[in-house]
Amino acid sequence: MDPSPENQVVFATLVEAEFTKKQYVYGVCNPFRISPDGYTMDQYFLDRPGNAAIQLVLGYDYRHNVEQYPIWQQYLRTHQPPTLIAWGKNDFNFTLAGAYALARELTCAELELLCGGHFVLEEESWTVSELIKSFFCRVYGF
């Protein structure tokens, strides 16, 4: 996103309380597992004076991440690190297409699509911890 005045207005909504909360609660399957502490604390820090401008700069800088994607993809293709991909099926930030694309790059990957949103660990921390332990046991013999 370029830092034009128009984009500054649009980007400002991404640091508002409504959007912060949305990242935690949109797409969740078990809303009772989502503590308001997470999005309340995030918002507290997002509301610091001058932070909106910092977030705009970070958002604009994201284009450099995108430029790095081919390098990261080549690393994955070359080194094939064993990878557990635990992904929220209902994540509106990182879509299922991203999960499938990552899994396609790897020969030793397990893709677990969990019922949840962007912060799937908030909702499925036990499930993910069990997936991690199981994955390490199978891959590394622990």
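The values are calculated or read from the model by the stated rules, or taken from the named source; none is laboratory data. What you see is a predicted model, and the numbers here were worked out from it, not measured in a lab. Positions of Cβ are backbone-derived with ideal geometry, glycine not excepted, and every protein chain shown enters the neighbour counts.
Key figures for this structure:
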item: Pairs where the first residue, in segment 59-75, is in contact (Cβ under 8 Å) with a residue 12 or more places away in the chain and on the phi < 0 side of the Ramachandran plot and the second is surrounded by 11 or more Cβ atoms within 10 Å (Cβ to Cβ) and in a helix (DSSP H, G or I), C-beta under 7 Å, 6+ apart; result: G59/F11; Q73/E105
item: Residue match in segment 22-34 (condition: under 19 Å from F119 (Cβ atoms), in contact with a Pro (Cβ under 8 Å, 6 or more places away or on another chain) and either of a type outside the set (G, A, S) or free of Cβ contacts under 8 Å to residues at least 24 places away in the same chain (or both)); result: yes
item: Test set (1) at pLDDT 95 or above; (2) surrounded by fewer than 13 Cβ atoms within 10 Å (Cβ to Cβ); (3) under 26 Å from A17 (Cα atoms) - T78 fails condition number; result: (3)
item: Test result for L113, touching a Lys or Arg at 6+ places or on another chain (Cβ under 8 Å) and not in a helix (DSSP H, G or I); result: yes
item: Helices (runs of 4 or more DSSP H) fully within segment 1-66 counting 3 or more residues that are at pLDDT 90 or above and either touching a Ser or Thr at 6+ places or on another chain (Cβ under 6 Å) or surrounded by 11 or more Cβ atoms within 10 Å (Cβ to Cβ) (or both); result: 17-25, 36-46
item: Residue match in segment 96-110 (condition: crowded, with 16+ Cβ neighbours inside 10 Å, of a type in the set (A, V, I, L, M) and in a loop (DSSP other than H, G, I, E, B)); result: yes
item: Residue in segment 107-123 that is over 25 Å from Y39 (Cα atoms) and among the hydroxyl-bearing types (S, T, Y) present; result: yes
